[in-house]
Each structure stands twice: as structure tokens, then as C-alpha cells.
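**Student:** Below: one structure in C-alpha cells.
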Amino acid sequence: MNPWSFVMAAYAVALTATVGLLLWAYVSMRKAEAAADELKRK
Amino acid sequence: MHRFANPARFLKIARPATAWLLGVGLVLTTFALAAGLALTPPDYLQGETVRIMYVHVPAAWLGMAGWAGIAAASISQLVWRHPLAAVAGRATAPAGATFAAICLITGSIWGRPTWGTWWEWDGRLTSMLILFFLYLGYIGLAGAEKERGGEGRLAALFGLVGAINLPIIHYSVLWWRTLHQGQSLSLEGSTIAFSIVWPLLLSALGFTCIFGAAVLMRMRAELAEVKLEARMRRAAAE
């Protein structure tokens with residue numbers, strides 16, 4: 001068993017999930033804030 | 001805490017704080033994880049697989065810290081009726097669930113070469129899995145209450161009751177000595193050599209900043225949605 005394949009798999013899982021969480025949080029925030037600002041301008 | 005009860009005042013602080021936490025978190029985490037891969041020696045017993053610690057341990061801490069945050073928000077909501085408490089609870093849950101999941105998956109990956117198994121119904125592993133399910137339950141309950149226009153008191157109660165699992169997770173390695181190793185790091189000191197442990201402290205700090213940024217972004221999204229709904233209601237009434 002090559003230990004590096006386990007290390008890399010663990011890093012890949014952690015980074016993918018963290019980046020996914022950040023992207024989802026960022027996109028939902030930008031969308032909601034843009035929609036609120038848009039309605040304010042109308 | 002009630003100084004931040006006004007959403008406008010909260011947002012004035014949250015906007016720059018989000019950017020700072022995200023920037024510092026990304027820099028610290030990237031450096032710590034690279035250092036954990038390249039600059040630290042392998043462990044005398046576990047060899048190279050010890051490097052999984054740099055993602056697994058911060059994820060475990062943040063999975064637990066997230067629920068502690070939910071419990072604090074729940075008390076704040078039930079006792080002091082803080083207007084942002086329910087928002088904070090709902091915003092913390094997805095980040096906490098994500099880190100609890102990272103902890104479970106990376107722990108399983110670590111377990112295969114170290115213990116020879118992907119999973120064991122060990123006290124620590126099982127209580128962590130329960131925490132992940134508690135997160136899913138909280139997200140479902142808080143979301144349903146919000147949709148029905150409720151104040152989120154049921155979710156707050158659930159958040160408080162679920163906190164009973166935190167000391168169980170913490171002491172599980174003492175109460176049920178099965179597969180998971182005992183505590184290596186505490187406020188009193190560390191049983192891990194400094195040459196191996198220093199990137200862990202940096203990655204924990206970095207992931208904590210990222211966690212904080214994710215929670216603030218979710219809180220800002222929730223507050224913008226509330227504002228949007230209020231404006232739409234006002235527009236419909238005019």
C-alpha cells in the first residue's frame with residue numbers, strides 16, 4: 001500500500017469540500033445581495 | 001452581543017470581516033498544507049500517512065466547534081431573543097456539517113493504512129457520525145421552520161439538546177478504549193513532536209478563518225433574503 005495515495009486522497013476530499021462550501025456560500029450571498037439591491041433600486 | 005442586534009450595524013462589520021477571514025484563511029491553509037506535505041518528517045510509527053492529520057484534525061475540531069456555535073446561538077435565541085441568533089445558527093450548520101463530513105471521510109482514509117479498516121463502530125467514530133446526522137437534522141428542521149415563517153425555536157431546542165453529543169465525542173476515547181487513539185493535543189501540551197505538529201496549528205487557524213468566512217457569507221445571504229422578502233411584501237401591499 002502506497003501511503004501517499006491515501007494522503008493525496010484525504011487532501012483532495014478536504015480541499016474539494018472546503019472550496020465547494022466557500023463557492024456555494026459566496027454565490028448564494030452575491031445572488032441574494034444583488035437581488036435585494038436590485039429591488040431597492042426599482 | 002445586543003450591540004450587533006441591528007442587522008445594518010452587523011453588516012458594517014461583517015462585510016470587511018468576510019474578506020479578511022477569507023484572505024487570511026486561504027493563505028494560512030495553503031501554506032500549512034504545503035508545509036505538512038513537504039517540510040515535516042514522517043512519523044516513526046505511522047510513516048507518511050500522519051500527514052492526513054493536517055486536514056483531519058482541524059475538520060474534527062471545526063465540526064465540534066460548529067455545533068458549540070449552534071448551541072450558543074440557541075441559548076442566545078431562547079434566553080435573550082437575540083434577533084440574529086437564528087440566522088447565525090442556520091448559517092453555521094452547513095459549514096459544521098461540511099467539516100464533520102470531511103473529518104469522517106479523511107478519518108476513514110487514514111484508518112485503512114493505519115488500522116487496516118475503513119470503518120469501525122468505535123466510540124469516537126460513531127459519536128462523530130451522530131454529530132453529522134444531527135447537523136442534517138438541524139438543517140432540515142431550521143429550514144422547514146423558516147419556510148413556515150416560524151421563529152426557529154424548535155431548531156434552537158434541537159441545537160441545545162444536540163450539544164449533549166459534544167462531551168461524548170470529546171471523552172469517547174477515554175470512556176471506550178477501542179480503536180481511535182487517545183487525545184494527543186490539549187491546552188496543557190502535546191504528545192506529538194513540534195517538528196510534526198506546527199503545521200497542524202497553522203492549518204487549524206487557517207481552516208477556522210475559512211469556516212468563519214463561510215458562516216459570515218451565509219449570514220449575509222440570509223439577511224439579504226429577509227430584506228428582499230420584506231421589500232417584495234411592501235411592494236405587493238402598495
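The values are calculated or read from the model by the stated rules, or taken from the named source; none is laboratory data. What you are looking at is a predicted structure, and each value in this text was computed from that prediction instead of being measured. Cβ sites come from the backbone with ideal geometry, for glycine too, and all protein chains shown count toward neighbours. Only protein heavy atoms, including side chains, enter the accessible area calculation; ligands, DNA and RNA are left aside. Shrake-Rupley method; radii C 1.70, N 1.55, O 1.52, S 1.80 Å.
**Student:** Tell me, which residue of the stretch B:77-97 that is of a type outside the set (D, E, K, R) and surrounded by fewer than 21 Cβ atoms within 10 Å (Cβ to Cβ) is farthest from the other protein chains (Cβ to nearest Cβ)? Talk me through it step by step, then tell me what you get.
**Tutor:** The first filter runs over the stretch B:77-97 and keeps only residues of a type outside the set (D, E, K, R), leaving B:77-80, B:82-89, B:91-97.
Filter once more, so that each one left must be surrounded by fewer than 21 Cβ atoms within 10 Å (Cβ to Cβ): B:78-80, B:82-83, B:94.
Values: B:Leu78: 26, B:Val79: 28, B:Trp80: 26, B:His82: 21, B:Pro83: 18, B:Pro94: 7 Å.
Selected residue: B:Val79.
**Student:** Let me ask you something else. Determine which single condition A:Glu38 fails, assuming it passes every other condition in (1) open to solvent by less than 90 Å² (accessible area, probe 1.4 Å); (2) farther than 21 Å from B:Ala34 by Cβ; (3) facing chain B (nearest Cβ under 7 Å).
**Tutor:** Checking A:Glu38 against (1) open to solvent by less than 90 Å² (accessible area, probe 1.4 Å); (2) farther than 21 Å from B:Ala34 by Cβ; (3) facing chain B (nearest Cβ under 7 Å), the one that fails is (3).
**Student:** Quick one: would you say B:Ala93 is farther than 21 Å from B:Glu147 by Cα, free of Cβ contacts under 8 Å to residues at least 60 places away in the same chain and of a type outside the set (Phe, Trp, Tyr)?
**Tutor:** Considered against the rule, which asks whether it is farther than 21 Å from B:Glu147 by Cα, free of Cβ contacts under 8 Å to residues at least 60 places away in the same chain and of a type outside the set (Phe, Trp, Tyr), B:Ala93 comes out as no.
One line per residue, one yes/no per condition, for (1) among the aliphatic types (A, V, I, L, M); (2) under 16 Å from the mean Cα position of the chain (by Cα); (3) more than 22 Å from B:Ser108 (Cβ to Cβ); (4) open to solvent by 90 Å² or more (accessible area, probe 1.4 Å):
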position: B:Arg124; (1), (2), (3), (4): no, no, no, no
position: B:Ala163; (1), (2), (3), (4): yes, yes, yes, no
position: B:Leu166; (1), (2), (3), (4): yes, yes, no, no
position: B:Ala204; (1), (2), (3), (4): yes, yes, no, no
position: B:Gly212; (1), (2), (3), (4): no, yes, yes, no
position: B:Leu216; (1), (2), (3), (4): yes, yes, yes, no
position: B:Glu222; (1), (2), (3), (4): no, no, yes, no
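**Student:** Further question: Please verify whether B:Ala142 is touching a helix residue (DSSP H, G or I) at 6+ places or on another chain (Cβ under 9 Å), closer than 26 Å to B:His82 by Cα and open to solvent by less than 60 Å² (accessible area, probe 1.4 Å), treating the condition exactly as stated.
**Tutor:** Numbers: touching a helix residue (DSSP H, G or I) at 6+ places or on another chain (Cβ under 9 Å): yes; closer than 26 Å to B:His82 by Cα: yes; open to solvent by less than 60 Å² (accessible area, probe 1.4 Å): yes.
Here the answer is yes, as B:Ala142 does meet what is asked.
**Student:** Can I ask one more? What number of residues within the stretch B:180-227 are over 17 Å from B:Ala32 (Cβ atoms) and either within 14 Å of chain A (Cβ to nearest Cβ) or assigned to a helix (DSSP H, G or I) (or both)?
**Tutor:** Here is the first cut: in the stretch B:180-227, the ones over 17 Å from B:Ala32 (Cβ atoms) are B:180-184, B:186-189, B:191, B:214-227.
Now narrow it down to the ones that are either within 14 Å of chain A (Cβ to nearest Cβ) or assigned to a helix (DSSP H, G or I) (or both): B:214-227.
Count: 14.
**Student:** Then there is this: What pairs come out if I take residues in the stretch B:218-234 that are under 12 Å from A:Ala34 (Cα atoms) and pair them with residues that are open to solvent by less than 30 Å² (accessible area, probe 1.4 Å) and of a type in the set (Asp, Glu) whose C-beta lies under 7 Å away, six or more apart or interchain?
**Tutor:** What qualifies is B:Arg220/A:Glu33; B:Ala224/A:Glu33.
**Student:** Under 7 Å between Cβ atoms, at least 6 apart or on separate chains: pull out the pairs that start in the stretch B:14-35 with a residue that is touching a residue at least 24 places away in the same chain (Cβ under 8 Å) and end on any residue that is polar (S, T, N, Q) and in a helix (DSSP H, G or I).
**Tutor:** B:Thr29/B:Ser203; B:Ala32/B:Ser203; B:Leu33/B:Ser203
**Student:** Among the residues that make up the stretch B:45-60, is at least one of them without any contact (Cβ under 8 Å) to a residue 60 or more places away in the chain, within 12 Å of another protein chain (Cβ to nearest Cβ) and more than 27 Å from B:Gln181 (Cα to Cα)?
**Tutor:** So far as the stretch B:45-60 goes, no, none of its residues is without any contact (Cβ under 8 Å) to a residue 60 or more places away in the chain, within 12 Å of another protein chain (Cβ to nearest Cβ) and more than 27 Å from B:Gln181 (Cα to Cα).
**Student:** Could you check how many residues of the stretch B:1-59 are closer than 30 Å to B:Gly111 by Cα, crowded, with 19+ Cβ neighbours inside 10 Å and of a type in the set (A, V, I, L, M)? So that I can check it myself, show each step before the final result.
**Tutor:** Restricting attention to the stretch B:1-59, the residues satisfying the condition of being closer than 30 Å to B:Gly111 by Cα are B:25-59.
Next cut, crowded, with 19+ Cβ neighbours inside 10 Å only: B:25, B:28-29, B:32-33, B:36, B:40, B:49-59.
Still in the list and also of a type in the set (A, V, I, L, M): B:28, B:32-33, B:50, B:52-53, B:55, B:57, B:59.
Residues flagged as closer than 30 Å to B:Gly111 by Cα, crowded, with 19+ Cβ neighbours inside 10 Å and of a type in the set (A, V, I, L, M) within the stretch B:1-59 amount to 9.
**Student:** Going through A:Ala32, A:Ala17 one at a time, which residue ends up being in contact with a Ser or Thr (Cβ under 9 Å, 6 or more places away or on another chain), open to solvent by less than 80 Å² (accessible area, probe 1.4 Å), facing chain B (nearest Cβ under 8 Å) and part of a helix (DSSP H, G or I)? Talk me through it step by step, then tell me what you get.
**Tutor:** Values: A:Ala32 fails: in contact with a Ser or Thr (Cβ under 9 Å, 6 or more places away or on another chain).
Just a single option satisfies the conditions, and that option is A:Ala17.
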